[in-house]
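Here's the structure we're looking at; comments come further down.
The values are calculated or read from the model by the stated rules, or taken from the named source; none is laboratory data. All of these numbers come straight from a predicted model, not from anything done at the bench. Note that each Cβ is placed from the backbone with ideal geometry, even for glycine, and that neighbours are counted across all protein chains shown. Heavy atoms of the whole protein, side chains included, go into the accessibility calculation; ligands, DNA and RNA do not. Shrake-Rupley method; radii C 1.70, N 1.55, O 1.52, S 1.80 Å.
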Amino acid sequence: MKKTSTIICPILSEKSHGLSEQFNKYVFKVNKSANKFEIKKSIEERFNVKILKVSTMNFKGKTKSMTIRSDGNVLRTTGRRSNWKKAIITLDKDSKISLVEGEF
């Protein structure tokens, strides 16, 4: 797998920001088929950091329903969001990733 297709995007939230400040952990949305070794290699090459640990979690996509109104008719449709995978990366105490400043 290519290193560009392994990492999809960083997850920037209050919880992930707290993890990065307190424990030097960073959260990424990654490809569903990527394993821990591929994720580690990809992030180490891309950001030039030393990774101590990689934790992954799989999430099932939610079922969503939508109401469409057209010409007096009411139509109800249901769909499904795609499944996705999250990786939490623990870095060495000397390493940092600057995601907010546009390094990603």
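If one takes the longest principal axis of the Cα atoms in the chain, at what angle in degrees, from 0 to 90 and to the nearest 10, does the Cα axis of helix 36-47 lie?
Tilt of helix 36-47: around 70 degrees.
Given a 1.4 angstrom probe, I'd like the percentage of the accessible area of the chain that is carbon and sulfur, rounded to a whole number.
Here it works out to 49 percent.
Using a 10 angstrom Cβ neighbour count of at most 16 plus a DSSP loop assignment to flag exposed GluC sites (Glu not before Pro), which longest range of the chain is free of such sites?
Longest stretch, sites excluded: 1-100.
Leaving out ligands and nucleic acids, note down the accessible area per residue over the chain with a 1.4 angstrom probe, in whole Å².
Per-residue value: 74 Å².
Using Cα pairs under 8 angstrom and six or more residues apart, how large is the relative contact order of the chain, in percent?
About 30 percent, as a whole number.
Taking mean projected area of the Cα convex hull in nm² straight from the coordinates, which label in (1) 5.6; (2) 6.4; (3) 8.8 is the correct one?
Of the labelled values, this structure produces (3).
For the chain, set up a Gaussian network in which alpha carbons nearer than 10 Å are linked by springs, and say which option among LYS40, LYS53, LYS85 fluctuates the most.
Result: LYS53 has the largest fluctuation of those listed.
Pairing the Cα long axis of helix 14-23 with the longest principal axis of the chain, what angle in degrees results, from 0 to 90 and rounded to the nearest 10?
Once rounded, the angle reads 10 degrees.
What is the sum of charges, Lys and Arg at +1 and Asp and Glu at -1, for the other residues whose Cβ falls under 15 Å from the Cβ of ASP92?
So the environment of ASP92 carries a net charge of +4.
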